[in-house]
Amino acid sequence: MQRWKELLDERLHEAVAVLGAVPGIRGFLVGGSIGRGEAWPMSDIDLLPVFSAADPDLAALVHRRDGLAHWWAGSGRAQSLDVGGLAFTAAEVREATAAGPSWVIARFGERRWFHGLDKAYGGHAAEPDDQLVAGFAAWITETRFHPDVVAARIGVWRQQARRCLSEAVEAQEADPGRATDLMRESARALRMVLLEEWGERMGSMGREWTRFERMARRHGHSQVAARVAEIAGADAYGAAERARHAPVWLAERIDLCLAARQLVGEEVTAAENARDQLAAFTVIVGRHEPHLIGPWIASPDPRLEVHLAELADLIDR
């Protein structure tokens, strides 16, 4: 793990070279923690491609991405490569950078613009002399916290929080497990509302709840943050018991992340780190690998009815 910086840099350049050979690729915007200069040993490589054509060949891009990810895993250390879902065309980039915030707000119904704006914040062009992508990166960073953009994002997240809460209430008697999942999703959306109100944004998924608590403390909202975390199944106290039931692969992930965070000087306890990994993989497994669900998920929530009522109060505060 001592060579993690060199490894990330080498693989970033390899990804840009290999994926850049896909026909129609104009360039890449480096986003995420690497793009912002906040990398840690477990960072994903996040690339937002810009295509020169109006009909991008995403299938070819994804095929090469998967090939790289398999090679990296087989070469000794796996590396996540996130590219393909948030893609743009050169024409869109030119139109966006020439427009005001209302242009991107009108496109918040598209995941690539709503989430892409956050993923690419603070990022940069993969090639320093790529002025089109560099201008796009600068525009995104400048636009991300415009008051109108923040207000629109709060509206989207609050709507999601209310919708998931309503569905959770409807499901609580017939399917308390599904109700728990929906309640936690609602709480995560409420967390995003709070962050937007504080002028903050979320970072790496494997560190996000501890970072959320730190941000809440800076803004004088530790109590609210603690309530949201508990409802979302992401309180550090409860995580200690859940970690005892973690499968071996997750226990390994917990240990690796703690060592990685300590390596970069992050102040984090073992319980906080375990909580962050459990919360992250509860979401990932629930959405993509349901066959791995086990007791560590802690579902259904034994205090489901109480937490649903409390969440309703927090959303309507």
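I want to confirm something. Restricting to the stretch 259-292 and keeping residues that are β-branched (Val, Ile, Thr) and out of contact with any helix residue (DSSP H, G or I) (no Cβ under 6 Å at 6 or more places or on another chain), which single residue is surrounded by the most Cβ atoms within 10 Å (Cβ to Cβ)?
Kept after step one, since they are β-branched (Val, Ile, Thr), are these residues of the stretch 259-292: 264, 268-269, 282-285.
Filter again for out of contact with any helix residue (DSSP H, G or I) (no Cβ under 6 Å at 6 or more places or on another chain), leaving 264, 269, 283-284.
On the way: Val264: 13, Thr269: 11, Val283: 17, Ile284: 12.
Only one residue tops the list, namely Val283.
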For this session: Please go through the stretch 262-280 and pick out each residue that is under 18 Å from Ala187 (Cα atoms) and touching a Lys or Arg at 6+ places or on another chain (Cβ under 7 Å).
Result: Asp276, Gln277, Leu278
For this session: Please work out which one of (1) open to solvent by less than 10 Å² (accessible area, probe 1.4 Å); (2) touching a residue at least 60 places away in the same chain (Cβ under 8 Å); (3) under 24 Å from Gly122 (Cα atoms) is the condition Arg207 fails and give its number.
Result: (1)
For this session: Go through the stretch 94-132 and count every residue that is at negative phi and either over 23 Å from the mean Cα position of the chain (by Cα) or of a type in the set (Gly, Ala, Ser) (or both).
Result: 22
Exercise. Restricting the stretch 1-52 to residues that are of a type in the set (Lys, Arg) and under 17 Å from Leu86 (Cβ atoms), which is most open to solvent (accessible area, probe 1.4 Å)?
Worked result: Arg26
Exercise. Given the residues Glu14, Glu10, Glu38, which is the only one that is charged (D, E, K, R), touching a residue at least 40 places away in the same chain (Cβ under 8 Å) and farther than 20 Å from Lys119 by Cα?
Worked result: Glu14
Seminar exercise, completed: All conditions in (1) open to solvent by less than 20 Å² (accessible area, probe 1.4 Å); (2) among the basic types (Lys, Arg); (3) in contact with a Phe, Trp or Tyr (Cβ under 6 Å, 6 or more places away or on another chain) are true of Arg184 except (3)
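The values are calculated or read from the model by the stated rules, or taken from the named source; none is laboratory data. None of the values given here were measured: they were computed from a predicted structure. Here the Cβ is made from the backbone with ideal geometry for all residues, glycine too, and neighbour counts use every protein chain on show. For the accessible areas, the whole protein counts, side chains as well, though only heavy atoms, and no ligand, DNA or RNA atoms are used. Shrake-Rupley method; radii C 1.70, N 1.55, O 1.52, S 1.80 Å.
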